[in-house]
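Colleague: Supplied in structure tokens, the structure appears directly below.
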Amino acid sequence: MIIVFMTRLFWPHIGGVEKHVMEIGKKLLKKGHEVIVITEMLPDQRQEEIINGIHIYRINAGKEDRSKKIRIWREIWKLRAVIASADVVHCHDVFFWYLPFRLFYPTKSVFTTFHGYESYPVRKSAIVVRKLSEKLSSGNICIGDFIPKWYGTHPTIVSYGAVEFKSHQVTSSSRYKKNESAVFIGRLDEQTGVMTYAKAVEILQKNYPKFQFDIIGDGKERNLVEKKFTVLGFQKDPEQYLAAYHFAFVSRYLAILESLTAKRLIFAVYDNPIKEDYLKMAPFAGFIVIERDPEKLAEKIMYYLHHPKEEEAMIEKGYAWVKQQTWEKMVEIYLTLWSKKNL
């Protein structure tokens, strides 16, 4: 098959959706399919190139303004021959990119994966866009059970993403450079809760002054956290840092799965009801620590510093679950979805 993915951003830009599309694309190539990605062009990126066998077309969408949608449609129109050749078009959150082409290619198989949420409170316009995307798609994947609850989506399939599992790379939960340590991985903004973690560590350091907290990531709150903690910025393979630290401070699905694979106890935080459901409705909720309040989070961290057996039990349960969440399994989910065009 010829498969066209549409996604707002793609590799080498770093992010959960970007990695999701890249890993699915690589696995599909190994199965003999042709994979094409249409995405936005960022500064210093090539308009067209091939990465890992995936053919990438980048469109010049320009700045964020009222005319951006029109520019996107105009740029994609230039690639209509690519769309016409596709056996499957799959949109990652950006179904509106394909909206006009639904009229030109009414019988073409088009699907959507819904990743995450835009903001809280959830805007009515966001719900309408998702319902329209669902209605005009042949099927959809919801990354998380919270999406049907908050957006009213009727999922064809619910998934929580995947992770690369290599048993020989798994680090024992008792082997790390420093017992009193944690690493944060993710964007530095309110959705990842980096300030909640920073406040919790400040509280924790009153009893554990040598507790080491380092940050892998970047974002608008970087200037706030790097005043007191080391910020290493975005890294190509951030999961490699997990082996050096005792705890993982992560609150997004991909980073959670990678931390479960590395056998690290995870502390996840939320600051609103949708993020709370994002975490607590997930099948791994019982294997991680979920908190909102920095003081309570600091208490939980101190508790597990002194209760290694309980920590180990949680880690092993999470590890047993995450071993089943492979990219190979995720690809089969996509192929199953595409075979259900008439559902």
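Colleague: With just the Cα atoms defining each centre, how far is the stretch 250-314 from the stretch 56-89? Give it in Å.
Modeller: 39 Å
Colleague: Ranked highest first by the average count of other Cβ atoms within 10 Å around their residues, in what order do 245-258, 30-43 fall?
Modeller: Per-residue mean Cβ counts within 10 Å order the peptides as 245-258, 30-43.
Colleague: Roughly what % antiparallel, to the nearest 5, for the DSSP beta bridges in the stretch 167-322?
Modeller: In the stretch 167-322, DSSP labels about 5 percent of beta bridges as antiparallel.
Colleague: Can you check what the net charge comes to around Y208, using other residues whose Cβ is under 14 Å from the Cβ of Y208 (Lys, Arg +1; Asp, Glu -1)?
Modeller: Residues close to Y208 contribute a combined charge of +1.
Colleague: Using +1 at the Cβ of each Lys and Arg and -1 at the Cβ of each Asp and Glu in the chain, identify which of H307, L260, Y245 lies farthest towards the dipole's positive end.
Modeller: Result: L260.
Colleague: Also, quick follow-up: Would you please name the trypsin sites (Lys or Arg not before Pro) within the stretch 39-117 that are DSSP coil residues with at most 14 other C-beta atoms within 10 Å of their C-beta? Don't skip to the end; give the middle numbers.
Modeller: Values: sites: R46, R58, K63, R66, K68, K69, R71, R74, K78, R80, R102, K108; in loops: R46, K63, R66, K78, K108.
Listed in order of number, the matching sites are R46, K63, R66, K78.
Colleague: For the stretch 196-239, just list the percent of Cα-Cα distances falling in each 10 Å bin from zero outward, please.
Modeller: 26, 51, 22, 1
Colleague: Neighbouring Cβ atoms within 10 Å as the yardstick, rank V82, V17 fewest first.
Modeller: Ordered from fewest to most neighbouring Cβ atoms within 10 Å, V82, V17 come out as V82, V17.
Colleague: Do you know the relative contact order of the stretch 173-250, to the nearest whole percent, from alpha carbon pairs under 8 angstrom that are 6+ apart?
Modeller: Values: 116 pairs, mean separation 36.9, N = 78.
47 percent.
Colleague: Given a Förster distance of 41 angstrom, what is the FRET efficiency for F104 paired with D189, based on the Cβ-Cβ distance and rounded to 0.05?
Modeller: Efficiency at R0 = 41 Å is approximately 0.65.
Colleague: C142: net charge of surrounding residues, Cβ under 12 Å, Lys/Arg +1, Asp/Glu -1, itself excluded?
Modeller: With Lys, Arg at +1 and Asp, Glu at -1, the net is -1.
Colleague: Express the relative contact order of the chain as a whole percentage, based on alpha carbon pairs under 8 Å and six or more residues apart in sequence.
Modeller: Across the chain, relative contact order equals 15 percent.
Colleague: Can you give the Kirkwood hydrodynamic radius of the chain from its Cα pairs, in Å with one decimal?
Modeller: Averaging 1/r across every pair of different Cα atoms and inverting gives 21.2 Å.
Colleague: Using 20 Å as the Cα-Cα cut-off, could you pick out the over-long pairs in K26/K340; K199/K220; K19/K131?
Modeller: K26/K340; K19/K131
Colleague: For labels at K228 and I2 in the simple 7 Å Cα→Cβ model, what's the distance in nm?
Modeller: With each label placed 7 Å out from Cα toward Cβ, I get 5.6 nm.
Colleague: Which percent of the Cα-Cα distances in the stretch 1-104 go past 23 Å?
Modeller: Numbers: 1100 of 5356 pairs.
I get 21 percent for the Cα pairs in the stretch 1-104 exceeding 23 Å.
Colleague: Report the antiparallel proportion of the DSSP beta bridges in the chain as a percent, rounded to a multiple of 5.
Modeller: 10 percent
Colleague: Mean separation of Cα pairs under 8 Å and 6+ residues apart, divided by the residue count of the stretch 167-322: what relative contact order is that in percent? Walk me through the numbers on the way to the answer.
Modeller: Details: 252 pairs, mean separation 42.6, N = 156.
So the answer I get is 27 percent.
Colleague: Over the residues of the stretch 167-322, compute the C-alpha Rg and express it relative to 2.2 N^0.38 Å.
Modeller: Against the empirical 2.2 N^0.38 Å value, I get 0.94 for the stretch 167-322.
Each value in this text was obtained by applying a stated rule to the coordinates, not by laboratory testing. Please read these numbers as outputs of a predicted model, since none were measured by experiment. All Cβ positions, glycine included, derive from the backbone under ideal geometry; neighbour counts span all protein chains shown.
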